[in-house]
Amino acid sequence: MSHRVTLIPGDGIGPEVSDATVRVLAATGVAIEWDVHEKVGEAAVAEYGEPLPAHVLDAIRSSGVALKGPVTTPVGKGFRSVNVGLRQKLDLYANVRPCRSLPGIETPFRDVDLVIFRENTEGLYSGLESYDERHDIADSIARISKRGSERIIRFAFEYARRHACGPLTVVHKANILKLTSGMFLNIAREYSERYPEVEFNDRIIDNMCMQLVVKPQQFRCMVTTNLFGDILSDLAAGLVGGLGVVAGANIGDEYAVFEAVHGSAPDIAGQGKANPTALVQSAEMMLRHLGETRAADALHRGLVEVYTEGRHVTPDRGGSASTTEFADRLSDAVANHA
Ligand code: NAI
Ligand code: MG
């Protein structure tokens, strides 16, 4: 059986890391029929007058699954971020960010294995901002709904149960934000009674940040609201080597978009220097989502092998391999494990 997947290579280093990832995926032996959409972002504005054209959204609605490279967002002007557009239009409410130590990637920590579930659609990022001209006061509303909280919390508990990975920690600030964060915490507590097999606890966000940089190995899964999740997921990425190596996914009840969390790196685009590891790790998540567990395991073992050996790594990891050389070595390793 072959899987149909929408591929959005993106711009900047996007096409380079996407090519590499597609080749590594082919080495797993899983048949994937790619539906490629090269024009999103700036290129789509030039051709179709909008950064995220309807036919790209329809393609994802039809395949259900997309793999996406980075897309440049102009700062302060121009069009709205394609990533935000995708999350809202496809209702991808769960931002899933696994952060796992890889051998050969030097960091102060070993054996970190975390997954963060961040609510992706509401909270302080609801877009409810206003300015009172008379008093020069700016307001930003952190809207949290029961439905929005329940679905991300359920998602996290389901994941923790399916992967037998506890404890699940709900991260909040309910001591101060009694209604918003308090509701989120209470709902998580209610769900913990429905999932007695999942070990459950809670932490206040500031204490959580401190504990994460002291002893990250004590945590496994975390679920939290939008702003806290945004910050925590980058903090956790830093524990395992940074944004260049970690995977990410935006998942809803109907569709899933797997993406590199780094940007389009215009400073190195087109030079064969990009490290495709982040998108490869997102592709591993995608394989698990598609039920291709053995292929996902082979991909992971391949990555561990190539990094342990350390002879074919890209410049950002202190090596001299090009994107293609890295992808070739990784494809061989993956094919051996498949
Ligand atoms: P960036 O992640 O593109 O680059 C930051 C630094 O990390 C640069 O020095 C870059 O060369 C390096 N880097 C990033 N990914 C790398 C990789 N795979 N291999 C080797 N080195 C890598 O972040 P920046 O510069 O803030 O953003 C550039 C553009 O990307 C902006 O237009 C931004 O809006 C967009 N962006 C898009 C994202 C997405 O589509 N998911 C996410 C973040 C930023
Ligand atoms: Mg962020």
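In the set (1) under 26 Å from T293 (Cβ atoms); (2) of a type in the set (S, T, N, Q); (3) open to solvent by 30 Å² or more (accessible area, probe 1.4 Å), the condition left unmet by N83 is number (1).
If you go through segment 206-228 and pick out every residue that is part of a loop (DSSP other than H, G, I, E, B) and open to solvent by 10 Å² or more (accessible area, probe 1.4 Å), you end up with 3. Are any of the residues in segment 328-337 crowded, with 23+ Cβ neighbours inside 10 Å and in contact (Cβ under 8 Å) with a residue 60 or more places away in the chain? Yes: segment 328-337 contains one or more residues that are crowded, with 23+ Cβ neighbours inside 10 Å and in contact (Cβ under 8 Å) with a residue 60 or more places away in the chain. Take the residues in segment 288-299 that are assigned to a helix (DSSP H, G or I) and either among the hydroxyl-bearing types (S, T, Y) or touching a strand residue (DSSP E or B) at 6+ places or on another chain (Cβ under 9 Å) (or both); name whichever of them is least open to solvent (accessible area, probe 1.4 Å). Filtering first and then ranking leaves T293. Within segment 130-188, the set of residues being open to solvent by 10 Å² or more (accessible area, probe 1.4 Å) and of a type in the set (V, I, T) comprises I137, I141, I144, I176, T180.
Annotation note: Cβ proximity below 9 Å between a residue of segment 252-276 that is in the same structural domain as L299 (by TED's automatic domain parsing) and among the aromatic types (F, W, Y) and a residue that is open to solvent by 40 Å² or more (accessible area, probe 1.4 Å) and more than 6 Å from ligand 1 (Cβ to nearest atom) (sequence gap 6+ or interchain) occurs for Y255/R61; Y255/D91; F258/H289. Inclusion of L90 among residues that are within 19 Å of L299 (Cβ to Cβ), within 20 Å of the chain's Cα centre (by Cα) and not polar (S, T, N, Q) is not warranted.
Every residue, every condition in (1) part of a helix (DSSP H, G or I); (2) touching a Ser or Thr at 6+ places or on another chain (Cβ under 6 Å); (3) not basic (K, R), yes or no:
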residue	(1), (2), (3)
P98	no, no, yes
E106	no, no, yes
R134	no, no, no
E150	yes, no, yes
F157	yes, no, yes
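Only residues that are assigned to a helix (DSSP H, G or I) and either touching a strand residue (DSSP E or B) at 6+ places or on another chain (Cβ under 7 Å) or surrounded by fewer than 23 Cβ atoms within 10 Å (Cβ to Cβ) (or both) were counted in segment 229-281, giving 14. Scoring K39 on the criteria (1) part of a loop (DSSP other than H, G, I, E, B); (2) within 20 Å of the chain's Cα centre (by Cα); (3) within 17 Å of V257 (Cα to Cα) leaves a single failure, condition (2). Could you tell me whether segment 40-62 includes any residue that is within 23 Å of E325 (Cβ to Cβ), in the same structural domain as S282 (by TED's automatic domain parsing), in contact with a Ser or Thr (Cβ under 6 Å, 6 or more places away or on another chain) and surrounded by 21 or more Cβ atoms within 10 Å (Cβ to Cβ)? No, segment 40-62 contains no residue that is within 23 Å of E325 (Cβ to Cβ), in the same structural domain as S282 (by TED's automatic domain parsing), in contact with a Ser or Thr (Cβ under 6 Å, 6 or more places away or on another chain) and surrounded by 21 or more Cβ atoms within 10 Å (Cβ to Cβ). When each of V96, V36, V65 is tested for being within 23 Å of G302 (Cβ to Cβ), modelled with pLDDT of 95 or more and either touching a Leu at 6+ places or on another chain (Cβ under 8 Å) or open to solvent by 60 Å² or more (accessible area, probe 1.4 Å) (or both), the lone residue that passes is V65.
The values are calculated or read from the model by the stated rules, or taken from the named source; none is laboratory data. This structure is a prediction, so every number in the text was calculated from the model and none was measured. Neighbour counts run over all protein chains shown; Cβ positions are idealised from the backbone, glycine included. Note: accessible area is taken over every heavy atom of the protein model, side chains too, but ligands, DNA and RNA are not part of it. Shrake-Rupley method; radii C 1.70, N 1.55, O 1.52, S 1.80 Å.
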